[in-house]
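The values are calculated or read from the model by the stated rules, or taken from the named source; none is laboratory data. What you see is a predicted model; the values in this text were computed from it and never measured. All Cβ positions, even for glycine, are placed from backbone atoms using ideal geometry, and neighbour counts span all protein chains on display. Heavy atoms of the whole protein, side chains included, go into the accessibility calculation; ligands, DNA and RNA do not. Shrake-Rupley method; radii C 1.70, N 1.55, O 1.52, S 1.80 Å.
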Amino acid sequence: MQDQNQQRVPGRYGLDEIKANRLESWPNPHQDRDYVTHFEIPEFTCLCPRSGFPDFATIVIDYVADKYIVELKSLKLYINSYRDCQISHESAANTILNDLVTLLAPRWIRVVGDFTVRGNIKTIIFTEHVQPGYSGPRLEFRRYLLSGSS
């Protein structure tokens, strides 16, 4: 069996991994407890569907798992797949939410697309899904990783 690194083509293997990637779930190791998982993805990019110019955002995902959690490398590659996608701010946030709800069936989830100013307009999209009857934690929106901080 060849070493996987020997099969990688410089400048190409990341693109190939993104193209081949599928969001992946893992069993939740603590199904008996409501706990919030928080992700900040500060380098999200997509393309404006009208102009084709790049849009930049921080995607914030907060969720309370039920039976499954998301595998982080698959999430990273999934998010990176948007970089060449012509999609509106609203569609990007809602598509990410829909895909994670389909994959995980979480008790509660919120996806926020916090887009950088463009054309003198600041856009933040809040999307949320909750299982019927869920009454556990629903974290107030907050960004912990702010640009310029280390």
Taking region 84-99, which residues are open to solvent by 60 Å² or more (accessible area, probe 1.4 Å) and either outside any strand (DSSP E or B) or modelled with pLDDT under 95 (or both)?
84, 90, 94, 98
Check on residue 44, assigned to a strand (DSSP E or B), open to solvent by 30 Å² or more (accessible area, probe 1.4 Å) and of a type in the set (A, V, I, L, M, F, W, C):
no
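This table checks each residue for (1) under 27 Å from residue 132 (Cα atoms); (2) outside any helix (DSSP H, G or I); (3) open to solvent by 40 Å² or more (accessible area, probe 1.4 Å).
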residue: 19; (1), (2), (3): no, no, yes
residue: 58; (1), (2), (3): no, yes, no
residue: 61; (1), (2), (3): yes, yes, no
residue: 75; (1), (2), (3): yes, no, no
residue: 82; (1), (2), (3): no, no, no
residue: 101; (1), (2), (3): yes, no, no
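Is it the case that residue 20 is farther than 19 Å from residue 142 by Cβ and either small (Gly, Ala, Ser) or touching a Pro at 6+ places or on another chain (Cβ under 6 Å) (or both)? Outline the logic, then answer.
Working: farther than 19 Å from residue 142 by Cβ: yes; either small (Gly, Ala, Ser) or touching a Pro at 6+ places or on another chain (Cβ under 6 Å) (or both): yes.
Yes, satisfied.
Hey, can you tell me all the residues within region 104-121 that are closer than 18 Å to residue 134 by Cα and over 11 Å from the mean Cα position of the chain (by Cα)? Step through it out loud before you land on a result.
To start, the set of residues in region 104-121 that are closer than 18 Å to residue 134 by Cα comprises 104-111.
Listed by number, the residues that qualify are 104, 105, 106, 107, 108, 109.
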Give region 111-139 a look and list any residue that's closer than 27 Å to residue 45 by Cβ, open to solvent by 20 Å² or more (accessible area, probe 1.4 Å) and of a type outside the set (Val, Ile, Thr), or say none.
118, 119, 120, 122, 126, 128, 129, 139
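For region 124-146, what are the residues that are aliphatic (A, V, I, L, M) and free of Cβ contacts under 8 Å to residues at least 60 places away in the same chain? Full working, then the answer.
Just the residues of region 124-146 that are aliphatic (A, V, I, L, M), to begin with: 124-125, 130, 139, 145-146.
Once the filter is applied, which keeps residues that are aliphatic (A, V, I, L, M) and free of Cβ contacts under 8 Å to residues at least 60 places away in the same chain, region 124-146 yields 124, 125, 130, 146.
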Out of region 21-51, which residues are under 16 Å from residue 105 (Cα atoms) and among the basic types (Lys, Arg)?
33
